[in-house]
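This report concerns only the one structure given below.
The values are calculated or read from the model by the stated rules, or taken from the named source; none is laboratory data. Bear in mind that the values here come from a model prediction, so they are computed numbers and not experimental data. Quick reminder, even Gly has a Cβ in these numbers, built from the backbone with ideal geometry, and neighbours come from all protein chains shown. The protein model used for the area step is the full one, side chains on, heavy atoms only, and it has no ligands, DNA or RNA in it. Shrake-Rupley method; radii C 1.70, N 1.55, O 1.52, S 1.80 Å.
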Amino acid sequence: MSCRRFFSIPVLSVILVMGFVYYVTLFVFIDDWVGLQSSAGKLNALLFSFLASLCLFSLSICVLVDPGRVPASYAPDVEDSSWSNSNATETRKCDKYFAYKPLRTHHCRVCRRCVLKMDHHCLWINNCVGYANYKAFFILVFYATVASIYSTVLLVCCAFKNGDSYAGNVPLKTFIISCGIFMIGLSITLGTLLCWHIYLIAHNMTTIEHYDSKRASWLARKSGQSFRHQFDIGVYKNITSVLGPNMIKWLCPTFTRNPEDGISFSASRDS
């Protein structure tokens, strides 16, 4: 773990946005709607604080946890079917360091190393999203989306209740409208990202694999065949390979160990 990853403008910007949304939700939206001292105000403040805490915890894991390193002693098993069915052995070498890399592993030019089951390098967490922190990244997006929508709903409730009082106060009205535009835009952006990663998890794909599979999918359709991703082993198994076998812990951002070790993966029988 390296706390220095927090000291980057994008990560600090994310934390600043979290702090801003938390402040205006509690001390503007909830307070103006039902009052923080009321029972409804305390309940909403408690629920939103819980969501905000989960977001911050998930962000910390995404930033601090190593996404997955290739073991120094790694060597391919040439008898493994996953290797025999893939391209030539030379294509499974890192172009930068010419060392063997497992399936689904890619070299990150920013981190300057190979990352197990790499999805992408995320500027906003100053880290790669890979095998060991992908679940935390997904849970971060999930909680951030829920919190953004929740805050937007509270803003709408506040605006409906105090609409007349805002009409005579131009600065406050401008602030509320600006917050509304910001929160709706944030909710749509995060919601779109969440839906994208739900799709990827359901098909057991990474972002890199999705774009790499476009040509294979096009060739399959051209020849009248159906394309199925090599590691797509069924929706439920695909989900448990990321979120873990225990459904109770699916929404816990901590990494869940699976039989897959980031080096070998279950493959579809159709592949």
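Things worth noting here:
- Residue in region 207-221 that is within 21 Å of the chain's Cα centre (by Cα), open to solvent by 50 Å² or more (accessible area, probe 1.4 Å) and not aliphatic (A, V, I, L, M) present: yes
- Tally, over region 94-126, of residues that are touching a helix residue (DSSP H, G or I) at 6+ places or on another chain (Cβ under 6 Å), open to solvent by less than 10 Å² (accessible area, probe 1.4 Å) and not in a loop (DSSP other than H, G, I, E, B): 0
- Of all residues in region 127-136 being more than 19 Å from Gln230 (Cα to Cα) and open to solvent by 10 Å² or more (accessible area, probe 1.4 Å), the one that is modelled with the lowest pLDDT: Ala132
- Some residue of region 150-168 being within 30 Å of Pro71 (Cβ to Cβ), in contact (Cβ under 8 Å) with a residue 12 or more places away in the chain and in contact with an Asp or Glu (Cβ under 8 Å, 6 or more places away or on another chain): no
- Filtered residues of region 37-78 (kept if without any contact (Cβ under 8 Å) to a residue 24 or more places away in the chain, more than 23 Å from Thr145 (Cβ to Cβ) and surrounded by 13 or more Cβ atoms within 10 Å (Cβ to Cβ)): Ser38, Gly41, Lys42
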